[in-house]
Amino acid sequence: FDGAIAFSDEAFQISESIHNLWGMSYSRYIIGEVNWARGDPARAIETMEGAIHHGRQAGFVVVLAWTQALLAVDYGLLGRPDLGRELAASALAQAEKYMPNFRSLTSGAVARLHLLTGDVDAAAATLQRGLAGVAPFLQDFFAPFGAGMQSRLALARGDFESAVQFAAHFLAVTGQLGARKYAPEANHLYAQTLMASGRLEAAMEALRVGRNEAEAMGARWWLWQILADLSRAEAERGNAAEAAALRGQAREIVE
């Protein structure tokens, strides 16, 4: 993450010095994800909005699909899905018109917002339409919005076995692609599905792996959630003191 930010800053400074709007957008369109993962939502939003602004001026379509979709979900996760809906709809429209390979990402973002507001049927319908006709390897490239969303939908419907299978696929794809930045999320989701299906020990192992990855990367957004679930698991095992300590660590990150 440190290296990503350093190169992004250098690229942005060069682009700004020659008034290259496309370059200014391109140098920032994924770095907001780093700010978000590190637990700095204010900077993440500012970075993504800036990349979208410059990309719209330059006609850089990727940022209008990819970054808008991610920003939409971030607003939803911060409790403001109303701010995300317009962005998500715009991202989906851009993908359908110009970049159909991105439909699994953009439709997944719309589906996630539906799920965050409790509309499971709309989420399922949106995701089904978005994944139709998209090659499996492209679905895997955007696994958090493909298999990850399918797992979350199955969880919401109480279909825990399907949820486990989709989450396991998300986790496997993360390893196959070498996409380490997804490791904390993939392990956390897998653990949640295992816990829901009554496999507490296996869930705790996934949480420990996710915790190690999140700590190594400084991915505090995932770390506090993993710690909170580890606390719940320890409480279920009767380890009240350990549960309280873990909950305190999670609370400290959130604060």
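A 1.4 Å probe run over the protein chains yields, for the range 48-117, 40 Å² of accessible area per residue, whole-number rounding. Of 125, 111, 89, the residue with the greatest mean-square motion in the GNM of the chain, using alpha carbon springs below 10 Å, is 125.
Taking the C-alpha atoms only, the angle from helix 220-236 to the longest principal axis of the chain is near 10 degrees.
GNM on the chain, alpha-carbon springs under 10 angstrom: the most fluctuating residue among 151, 27, 17 is 17. Its Cα gyration tensor gives the range 19-79 an equivalent ellipsoid; the semi-axes, largest first and in whole Å, are 20, 11, 8. Relative to the longest principal axis of the Cα atoms of the chain, helix 120-131 runs at roughly 50 degrees.
Protein heavy-atom surface of the chain, 1.4 angstrom probe: 53% of the accessible area is carbon and sulfur, with nucleic acids and ligands not counted. Based on protein heavy atoms only, the range 210-255 ends up with 54 Å² per residue of surface accessible to a 1.4 Å probe.
Dipole size of the range 129-232 about its Cα centre, with +1 on Lys/Arg Cβ and -1 on Asp/Glu Cβ: approximately 220 debye, rounded to the nearest 20.
Based on the reciprocal of the average 1/r between different C-alpha atoms, the Kirkwood radius for the chain equals 18.8 Å. Can I get the semi-axes of the range 24-134's equivalent ellipsoid? Compute them from the C-alpha gyration tensor as square roots of 5 times the eigenvalues, in angstrom, largest first. Result for the range 24-134: semi-axes of 22, 18, 10 Å.
The values are calculated or read from the model by the stated rules, or taken from the named source; none is laboratory data. Remember, predicted model here, so these are calculated numbers, not experimental data. Cβ: placed from backbone, ideal geometry, glycine included. Neighbour counts: every protein chain shown. With ligands, DNA and RNA removed, areas are computed over all heavy atoms of the protein, side chains included. Shrake-Rupley method; radii C 1.70, N 1.55, O 1.52, S 1.80 Å.
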